[in-house]
Each structure stands twice: as structure tokens, then as C-alpha cells.
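Worksheet: one structure, shown below.
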Amino acid sequence: MILVNAIIHSYKNPNLLSTVERLLGSTSQPVHISILDQHPMDRTEKFAHLNNVFYEHKFWDHIDGPTWFKEEYIFANTHDAKYTMLFT
């Protein structure tokens, strides 16, 4: 069972990869990280090498905003995590 489900919403964050790597390196428990990235460029390849990290590129000018995207992931709880951590 995954203990923590981390949801990270990002908008053009140049430090996103290092933030995710730091989060993975600072825990001894299994963590599932969902990245919702509203960057103009799709950065899927940057995160492909990381385990339990799931990247989703969101069109930066989409009518649904960050609140909608985060809510969608929180209520889905597809990983049956005990805790959810939300980064904004």
C-alpha cells in the first residue's frame, strides 16, 4: 500500500525536477507523486526515469484551472493512499 500520495501542480517551475527528486530522496516510505504541469512545453521525458512518478502535461491556457486539476486527483484517490500531500 502506498502511504502518501503527493500531488504537485506546477506552472512553469524551472525547479520541478529537483523538487520531485528531493521529495523521493527524503522519504523511506513508498510515495506516489502525481505531477500536473501547466508548462507551455510537455516535459514528460524529464520524469520518465523516476519510479512512482506520474507526469501529466496540462495545456497552460486550459479553461479548467489548477483548482480543478488538483480536486480531480484528490477525489480520485486511485492509489488508496493513507495520506495526501498537496503542493501548490
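The values are calculated or read from the model by the stated rules, or taken from the named source; none is laboratory data. It should be emphasised that the depicted structure is a prediction, and the values quoted were computed from it without experimental measurement. All Cβ positions, glycine included, derive from the backbone under ideal geometry; neighbour counts span all protein chains shown. For accessibility, only protein heavy atoms count, side chains too; no ligands or nucleic acids. Shrake-Rupley method; radii C 1.70, N 1.55, O 1.52, S 1.80 Å.
Below is a table of values for the structure above.
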read-out: The stretch 14-29, residues that are open to solvent by 50 Å² or more (accessible area, probe 1.4 Å) and touching a strand residue (DSSP E or B) at 6+ places or on another chain (Cβ under 8 Å); value: 27, 29
read-out: Residues within the stretch 36-83 that are at pLDDT below 85 and open to solvent by 80 Å² or more (accessible area, probe 1.4 Å), tallied; value: 14
read-out: Answer residue from the stretch 52-63, given it is free of Cβ contacts under 8 Å to residues at least 24 places away in the same chain and not in a strand (DSSP E or B) and is nearest to the chain's Cα centre (by Cα) among those; value: 58
read-out: Residue selected from the stretch 11-50 under the condition within 19 Å of residue 83 (Cβ to Cβ) and polar (S, T, N, Q), by the criterion nearest to the chain's Cα centre (by Cα); value: 34
read-out: Check on residue 86, modelled with pLDDT of 85 or more and outside any loop (DSSP other than H, G, I, E, B); value: no
